[in-house]
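Take a look at the structure set out below.
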């Protein structure tokens, strides 16, 4: 009988307390309540291990590098229990024909019940010769493994959108995975790389509920991609106040002002970077002083300079799409001045009314 996740973890010396802590942390990252944590714990104790096959196309392996460095110590144990014992030709011990045999065994033994995770884009140019795996085009291997998969996860922007490989002029005809696999549900987890805890949380969700998480119109899990980085950014109040970094290392930069004018794409980027963050929730690029480059959005590489701002992204009330970021500060001053003037006028009216009441009382006396 196939071991459950809990049995694997206990065999590895993980205490029940640590196991429950992992379930609580995962539930929190998924936006679930304590009931959700209990559901995760029950699923991992009762359900057999869900096989994962991880393929690599055209990519830099940054998704794997992020995944195996998940901040919570238990995550790496779960990842290794779920993946390396089945197939991942980057981190598994086997190689060559031995690895191929393991791949075919997983497909055969878990037909229709394994998850296919793909890192990297696929190449269509010259019959796929620009991306070879085991001496054969990667596209063939991708179709072969996807045929009997339960669902497909596209890790990172390469698999989700094509990323830099698909940037103009795209000589290899690189395409995202959903352009190749059209008959299976595909979960896109974009980012370059995605946040490690987001990756592990999605797999845990699939284990627990045996269904896909709720996806947006682009196929991304809403639990992590439903809000703009801009909306949860700690520098957002500076944006609303018209306080911007004009150039790197100026006084505004030292004051922690908004990075929008130096190219931050947070207002058009949907991801959990500003809430989940990186390295045990230590930081994220904006907190480190660099604007978001929008790496989790489609075609981000070809959208223009990372250091030029988008001129029409403004807070409500700052003049609509005709306004520019340069006018925000002036508008903010004008609005503040108008507010002060209105407050002064209201105070004067109240004072006049009060004086009038006092005069009437004096006459009656």
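The values are calculated or read from the model by the stated rules, or taken from the named source; none is laboratory data. Please read these numbers as outputs of a predicted model, since none were measured by experiment. We place every Cβ from the backbone using ideal geometry, glycine too, and count neighbours over all the protein chains shown.
What to note about this one:
- Check on residue 239, surrounded by fewer than 23 Cβ atoms within 10 Å (Cβ to Cβ) and either over 13 Å from the mean Cα position of the chain (by Cα) or within 25 Å of residue 201 (Cα to Cα) (or both): no
- Residue in segment 125-137 that is touching a residue at least 12 places away in the same chain (Cβ under 8 Å), surrounded by 18 or more Cβ atoms within 10 Å (Cβ to Cβ) and within 24 Å of residue 202 (Cβ to Cβ) present: no
- Scope segment 270-281; condition surrounded by fewer than 23 Cβ atoms within 10 Å (Cβ to Cβ) and part of a loop (DSSP other than H, G, I, E, B); matching residues: 275, 276, 277, 279, 280, 281
- Of all residues making up segment 57-66, the number that are farther than 21 Å from residue 27 by Cα and part of a helix (DSSP H, G or I): 4
- Filtered residue count, segment 51-85, keeping only those that are at pLDDT below 80 and out of contact with any strand residue (DSSP E or B) (no Cβ under 6 Å at 6 or more places or on another chain): 16
- Contacts under 9 angstrom Cβ, first residue in segment 247-264 being in a helix (DSSP H, G or I), partner loosely packed, with under 13 Cβ neighbours inside 10 Å, 6 or more apart: 252/246; 253/246; 253/247; 261/246; 261/247; 262/246; 262/247; 262/308
- Candidates 187, 203 - the one that is touching a residue at least 40 places away in the same chain (Cβ under 8 Å) and either within 14 Å of the chain's Cα centre (by Cα) or surrounded by 14 or more Cβ atoms within 10 Å (Cβ to Cβ) (or both): 203
- Segment 206-225, residues that are in contact with a strand residue (DSSP E or B) (Cβ under 7 Å, 6 or more places away or on another chain) and in contact (Cβ under 8 Å) with a residue 12 or more places away in the chain: 206, 212, 213, 215, 218, 219, 220, 221, 225
- Residues that are surrounded by 14 or more Cβ atoms within 10 Å (Cβ to Cβ), more than 27 Å from residue 281 (Cβ to Cβ) and in contact with a strand residue (DSSP E or B) (Cβ under 9 Å, 6 or more places away or on another chain) are absent from segment 8-16 altogether.
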